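Each remark here refers to the structure printed beneath this line.
The values are calculated or read from the model by the stated rules, or taken from the named source; none is laboratory data. It should be emphasised that the depicted structure is a prediction, and the values quoted were computed from it without experimental measurement. Here Cβ is always computed from backbone atoms with ideal geometry, including for glycine, and neighbour counts include all displayed protein chains.
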Amino acid sequence: MKKVLAAVIAGILVWMWGAIFHMLTPLGVVDFKNEVAGEQVVMSAMQSEFTQGDGIYLLPSMNLGDHGDEAKAKAWAEKAKVGPYAFVVYHGNGLPGDPANMVPQILHKLLTSTIAAFMLAVVLGAIPGSYAKRVGVATVIGVFA
């Protein structure tokens, strides 16, 4: 029961840190770009060219079956190096639900943070040795999380 309570408290703290990080520091939006000139042209092009439906599109594109072909892979790498390059998450019918409604997102983040904290508590409980060793392991996991 102690681990569950600790996980819930830790999940809440991790969620609070995420909220602070994204809302009160410039780091949460450091590379976001706003107001694309010619947005409607880009949107129309996506609707007409992204014919495989919702998903992730890389531009320049490459047929997934061609990854084994060294010449085609090299040609793609050259196009990507020259640019432009884009990683697009595409939803042809818009975002599901109300994007302004943050409640589902907050609950999801809170739940996943709590699960991660519980898993960390289980892992740290299984590590023999000193408190400092467990703090070190938690720090390393946190750095890579």
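General remarks:
- Candidates in the stretch 98-145 are the residues that are in contact with a Lys or Arg (Cβ under 8 Å, 6 or more places away or on another chain) and aliphatic (A, V, I, L, M); of these, the one that is surrounded by the most Cβ atoms within 10 Å (Cβ to Cβ) is A121.
- Selection status of L107, without any contact (Cβ under 8 Å) to a residue 60 or more places away in the chain and assigned by TED's automatic domain parsing to the domain that holds L5: yes
- Residue count, the stretch 55-76 (criterion: surrounded by 11 or more Cβ atoms within 10 Å (Cβ to Cβ) and closer than 20 Å to G94 by Cα): 3
- Some residue of the stretch 43-66 being among the aromatic types (F, W, Y) and not in a helix (DSSP H, G or I): yes
- Among the residues listed as L95, L27, the single one being in contact with a helix residue (DSSP H, G or I) (Cβ under 7 Å, 6 or more places away or on another chain) and exposed (fewer than 11 other Cβ atoms within 10 Å of the Cβ): L27
- Total residues in the stretch 88-145, condition β-branched (V, I, T) and over 18 Å from V4 (Cβ atoms): 11
- In the condition set (1) touching a His at 6+ places or on another chain (Cβ under 7 Å); (2) at pLDDT 85 or above, V41 is compliant with all but (1).
- Filter pass, A75 being assigned to a loop (DSSP other than H, G, I, E, B), more than 29 Å from I115 (Cα to Cα), out of contact with any helix residue (DSSP H, G or I) (no Cβ under 8 Å at 6 or more places or on another chain) and modelled with pLDDT of 85 or more: no
- Cβ pairs under 6 Å, 6+ apart, first in the stretch 114-134 and of a type in the set (S, T, Y), second in a helix (DSSP H, G or I): T114/A7; T114/V8; T114/G11
- Test: residue in the stretch 10-19 that is within 27 Å of A121 (Cβ to Cβ), touching a Gly at 6+ places or on another chain (Cβ under 7 Å) and surrounded by 11 or more Cβ atoms within 10 Å (Cβ to Cβ): no
- Condition check for A80: of a type in the set (A, V, I, L, M) and assigned to a helix (DSSP H, G or I): yes
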